[in-house]
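Notes to accompany the following structure.
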Amino acid sequence: MGTRRNYQRTSNKNDSPLHVLPVAERLIDYTLDLTDNAKRFPKRVRFSITNKIQDHVMAIYDDLLEANEIFPIRAEADRTERLRLQRAALTECKKLLHMIELSKKRNYIDKDTFDYWTKLTLDVKFMTAKWYKAEQDTAEAIAPSDPIPESV
């Protein structure tokens, strides 16, 4: 089960953090296909596990889309809200990873499914983290500096 911790995403130099939305869409498709399958997730866990997994994956996409819609950034409040939404998406990724691990422990998914699903989730998480870092660096670069002291 160390796959999640040992997984290293190979970074593509042309990989823009804004390409996270199509990757998140793939994660949604895969997750819904998997969790809607009664052979994998029995109906008795529909409300306790399956719905939570689906809620987490949809929240990731919602947060990323809302963050992307805050453009152009016209005020500091816009930047703050965008960073907050990106952090929320990162938190939802962590919650989803926990639910994936729980699904593996409960034998709802096999090792190959666990590996692929974890990889998709980590791709979204790492791309979101890269986007968040880029936004923070931009905010620091244009942050107001101390006033220039007047010469006496």
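Structural remarks
- Rg to Rh, two decimals, where the stretch 39-136 supplies the alpha carbon set and Rh follows Kirkwood: 1.08
- Using the Cβ of L64 as centre and a radius below 14 Å, the other residues enclosed give a net charge of -3, where K and R count +1 and D and E count -1.
- A Förster radius of 25 Å combined with the Cβ-Cβ distance from N51 to H19 puts the calculated FRET efficiency at roughly 0.30.
- Per-residue 3J(HN,Hα) values for the stretch 33-38, derived from phi via the Karplus relation 6.51 cos²θ - 1.76 cosθ + 1.60 with θ = phi - 60°, read 4, 6, 6, 7, 7, 5 Hz in sequence order (x marks Gly and Pro).
- Straight-line cross-link reach from K130 at under 21 Å between alpha-carbon atoms covers these lysines, not counting any fewer than eight positions away in the same chain: K13, K94, K95, K119.
Values quoted throughout were computed directly from the atomic coordinates according to the rules given, and no laboratory measurement underlies them. Remember, it's a predicted structure, so these values are computed and weren't measured experimentally. A quick note on method: Cβ atoms are made from the backbone with ideal geometry, for glycine too, and the neighbour counts reach across all protein chains shown.
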